[in-house]
Amino acid sequence: MRRNEDGSLEGALFDGIGFVKGLDHFGIDVAGRRVLVVGAGGGGHAVAAALAQRRPGCLAVYNRTGSRAAALVDRLKPVYGAAVEVASSADPAGYDLVVNCTSQGLKADDPLPFDPARVDTGSAVVDIIMTRQPTPLLQACAARGIPAHAGFEMLVQQIPEYLRFFGMQQIAQTLQEDMSEVRALLYPR
């Protein structure tokens, strides 16, 4: 939230832009590709909306409570059309990018949000959870040789956006040019 010169308040959300800029950092292009977002909470909303702007061939959303996935898809369809759909399951088979936007993985004994054995060879996985240890999902993907990334880059990429929002254009640009110090602070060692 910021207070504008006229006294009005303005808010912004940076998860989505941070997420897709993180994909850029990892070299993951979603245009024309099949994408599955698992989880339709706040993070899932932001990620799905930002992904839809990148024009995937298919953007499927799955949530354990189906009505939440349907509500998100209903919000995106008028703008992005038939490419956005509700997934009938969290099965990652057939998708080029699979994104975990659930809380599953915050605790060591959480069930996996989807079966990593079903992720296609050549596909990528992003788990937006940020923990010091790789989540069980990331560990399972690594064991299969599947490119999988934690949510740290999403946060890294949000920082210049925060600065721009608060009118700090020059520092945002300087930081955007070299994010290595931010990554060193945020990524687990």
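The values are calculated or read from the model by the stated rules, or taken from the named source; none is laboratory data. Bear in mind the structure is a predicted one, so any value in this text is a computation, not a measurement. Don't worry about glycine lacking a Cβ; one is built from the backbone with ideal geometry, like all the others, and counts go over all protein chains shown. When the accessible area is computed, the model is the full protein with side chains, heavy atoms only, and any ligands, DNA or RNA have been set aside. Shrake-Rupley method; radii C 1.70, N 1.55, O 1.52, S 1.80 Å.
General remarks:
- Boolean, His25 is out of contact with any strand residue (DSSP E or B) (no Cβ under 7 Å at 6 or more places or on another chain), crowded, with 21+ Cβ neighbours inside 10 Å and either at pLDDT below 95 or not hydrophobic (A, V, I, L, M, F, W, C) (or both): no
- Selection within segment 148-171 - open to solvent by 60 Å² or more (accessible area, probe 1.4 Å), in a loop (DSSP other than H, G, I, E, B) and either touching a Ser or Thr at 6+ places or on another chain (Cβ under 8 Å) or farther than 22 Å from Ala50 by Cα (or both): Met168
- Flag for Ala143 being modelled with pLDDT of 95 or more and either among the acidic types (Asp, Glu) or farther than 24 Å from Cys58 by Cβ (or both): yes
- Residues located in segment 26-74, provided they are part of a helix (DSSP H, G or I) and free of Cβ contacts under 8 Å to residues at least 24 places away in the same chain: Gly66, Ser67, Ala70, Val73, Asp74
- The listed residues are Val79, Val86, Val98, and the only one of them that is within 21 Å of Ile146 (Cα to Cα) and either at pLDDT 95 or above or open to solvent by 30 Å² or more (accessible area, probe 1.4 Å) (or both) turns out to be Val98.
- Contact map, segment 110-129: residues that are in a loop (DSSP other than H, G, I, E, B) paired with residues that are surrounded by fewer than 22 Cβ atoms within 10 Å (Cβ to Cβ) and among the charged types (D, E, K, R), Cβ distance under 6 Å, separation 6+ or inter-chain. Pairs shown: Ser123/Asp96.
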